[in-house]
1. Might you report the magnitude of the Cβ-based charge dipole of the range 34-107 about its Cα centre, with Lys and Arg at +1 and Asp and Glu at -1, to the nearest 20 debye?
2. Enumerate by residue number the trypsin sites (Lys or Arg not before Pro) in the range 28-107 meeting two conditions: DSSP loop (anything except H, G, I, E, B), and at most 14 other Cβ atoms within 10 Å of the site's Cβ.
3. Just subtract the alpha-carbon distance of Leu69 and Tyr50 from 0.36 nm times their residue separation and send over the number in nm, one decimal.
4. How far apart, in nm, are the 7 Å Cα→Cβ label points at Cys43 and Phe97?
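Values in this text are rule-based calculations from the coordinates and carry no lab data. Predicted model, so just to flag it, every value in this text is computed and none were measured. Reconstructed Cβ throughout: ideal geometry from the backbone, glycine too, with neighbour counts over all protein chains shown.
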Amino acid sequence: MNKHSSDPPKKSDDDATNSIKDGSNPIHSVWDLAMVAYSAYGCLLPWAAYICYVDSSHRTSCAWAMTTLMFMKMASKNAWDWTDGQQKSKIISILVFYLPTYGGYAV
């Protein structure tokens, strides 16, 4: 008598992948929300640049908003976790380029 014959069959990786592919999984709603925010950022940034180009009175407030956004990126949980080179280069580019550019214009 085999003692393993009464164990339920294990799910394969294909079963787990198929359960994520259907639309009923909660991860899809989170992913859709993230994509909406990303799409909005992709539309709002060019629009804000155009508005700042057309009406110069908005430039200072936009520079302050972008400076605040860069500080928020630097304050994130994994910002200073430099285990990979890509994260280190992002932080260095914020420190060397974005903060002086946006912050300098705002001041």
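1. Working: 5 positive and 3 negative charges, 18 e Å.
About 80 debye.
2. Details: sites: Arg59, Lys73, Lys77, Lys88, Lys90; in loops: Lys77.
Here the sparse-neighbourhood loop sites are Lys77.
3. Values: separation 19, 0.36 × 19 = 6.84 nm, distance 1.89 nm.
Additional length available on full extension: 5.0 nm.
4. That separation, rounded to one decimal, is 2.7 nm.
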